[in-house]
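The values are calculated or read from the model by the stated rules, or taken from the named source; none is laboratory data. Just so we're clear, the structure is a prediction, and the values are computed from it rather than from any experiment. All Cβ positions, glycine included, derive from the backbone under ideal geometry; neighbour counts span all protein chains shown. Areas reflect the complete protein model, heavy atoms only, side chains present, ligands, DNA and RNA absent. Shrake-Rupley method; radii C 1.70, N 1.55, O 1.52, S 1.80 Å.
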Amino acid sequence: GRKYATVELVAEQSLRPLPDGADPDDPSSWGVPGSDYHYTRLPQPNANGWNTTPVAVQFFGGDFDSLTLAPANGDAAVSLADRQTWTRADDTDGYGVQISAANSETGDVSSKRDDTIKIDTSAPRLSLDPALGALTADDRPSDPSKATSGVWRLHRTGADGSVGSGRAAPREFPLADGAGAATQTVAGIANGWYVAEDAAGNLSAPLKVSSTEPPSVERPSGSLAGPGDP
């Protein structure tokens with residue numbers, strides 16, 4: 001004899017994060033939670049993929065009633081109910097998480113999304129070698145548990161250390177996969193105030209360079225050597 005059974009496969013439903021263009025400080029711009037978007041990941045990473053503060057993922061029930069975060073490193077998965085939040089606060093140079101959701105009543109399951117969280121909370125430091133006129137930016141943290149995003153930019157600033165907004169364009173150093181070298185040295189530095197920035201966006205304290213000598217100028221015999229000379 002024969003016995004037949006029917007199984008109806010459930011198509012996965014779209015899992016939508018907070019839209020890229022939404023203003024995190026203006027909830028009215030986000031749309032309807034639970035349908036227009038299902039979770040938020042705040043704050044958003046910078047252009048290099050880094051954060052300088054803890055990262056929180058909050059779930060909004062609606063289309064689904066649970067959200068699961070499965071770490072790629074084998075840590076225990078975390079399940080969130082409506083309005084619950086999962087937070088990663090520790091520094092990391094790459095904590096992968098796979099995010100999915102499900103509706104226990106309808107049996108709907110979501111598509112999966114992968115996210116990599118990178119957090120660097122340590123600012124770089126600047127030091128000067130007056131004899132060589134060389135400035136070194138060092139992003140190696142004193143605490144080995146902290147992440148190193150690497151040196152990204154060297155800004156010439158004022159004494160207040162502010163960057164951008166009319167300042168001269170910074171000197172940029174190459175990045176690989178959003179991270180820079182742990183240290184960078186620039187020789188022949190001119191006098192002025194400087195600030196180093198790492199790939200995560202942390203800024204060093206401003207450092208004043210005032211001990212370098214300007215290059216000497218060779219003048220032909222009989223030329224004016226300076227103001228007041230015959």
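For the structure I just gave you, tell me whether N73 is among the polar types (S, T, N, Q), assigned to a loop (DSSP other than H, G, I, E, B) and open to solvent by less than 70 Å² (accessible area, probe 1.4 Å).
no
Among the residues of the stretch 119-137, is any within 30 Å of G34 (Cβ to Cβ) and open to solvent by less than 30 Å² (accessible area, probe 1.4 Å)?
Yes, some residue in the stretch 119-137 is within 30 Å of G34 (Cβ to Cβ) and open to solvent by less than 30 Å² (accessible area, probe 1.4 Å).
Can T116 be described as more than 23 Å from the chain's Cα centre (by Cα) and open to solvent by 40 Å² or more (accessible area, probe 1.4 Å)?
So T116 fails the test.
From L154, L175, which residue is under 30 Å from I117 (Cβ atoms), at pLDDT 95 or above, over 16 Å from the mean Cα position of the chain (by Cα) and of a type in the set (A, V, I, L, M)?
Step by step, each of L154, L175 is checked, and only L154 is under 30 Å from I117 (Cβ atoms), at pLDDT 95 or above, over 16 Å from the mean Cα position of the chain (by Cα) and of a type in the set (A, V, I, L, M).
Condition check ((1) farther than 26 Å from V55 by Cβ; (2) open to solvent by less than 20 Å² (accessible area, probe 1.4 Å); (3) small (G, A, S); (4) in a strand (DSSP E or B)) across all residues:
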{"site": "R153", "(1), (2), (3), (4)": "no, no, no, yes"}
{"site": "S162", "(1), (2), (3), (4)": "yes, no, yes, no"}
{"site": "A168", "(1), (2), (3), (4)": "yes, no, yes, no"}
{"site": "T185", "(1), (2), (3), (4)": "yes, no, no, yes"}
{"site": "A200", "(1), (2), (3), (4)": "no, yes, yes, no"}
{"site": "A205", "(1), (2), (3), (4)": "no, no, yes, no"}
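Which of the residues that make up the stretch 46-68 are open to solvent by 10 Å² or more (accessible area, probe 1.4 Å), in a strand (DSSP E or B) and under 11 Å from I119 (Cα atoms)?
none
Cβ-Cβ distance below 6 Å, separation of 6 or more or different chains: which pairs start in the stretch 119-141 with a residue that is over 16 Å from A199 (Cβ atoms) and end on one that is small (G, A, S) and open to solvent by 50 Å² or more (accessible area, probe 1.4 Å)?
P130/S211; G133/G188; A134/A187; T136/S127
Within the stretch 87-110, which residues are in a loop (DSSP other than H, G, I, E, B) and open to solvent by less than 30 Å² (accessible area, probe 1.4 Å)?
D91, N103
If you check P71, P54, P43, which single one turns out to be out of contact with any Cys (no Cβ under 7 Å at 6 or more places or on another chain), under 22 Å from K146 (Cα atoms), in contact (Cβ under 8 Å) with a residue 60 or more places away in the chain and not charged (D, E, K, R)?
Step by step, each of P71, P54, P43 is checked, and only P54 is out of contact with any Cys (no Cβ under 7 Å at 6 or more places or on another chain), under 22 Å from K146 (Cα atoms), in contact (Cβ under 8 Å) with a residue 60 or more places away in the chain and not charged (D, E, K, R).
Can you find, within the stretch 170-180, the residue that is most open to solvent (accessible area, probe 1.4 Å) among those that are under 17 Å from T136 (Cα atoms) and without any contact (Cβ under 8 Å) to a residue 40 or more places away in the chain?
R171
Here is a list of conditions, (1) open to solvent by 30 Å² or more (accessible area, probe 1.4 Å); (2) under 23 Å from T116 (Cβ atoms); (3) of a type in the set (A, V, I, L, M, F, W, C), and V32 meets all of them except one; can you say which number that is?
(2)
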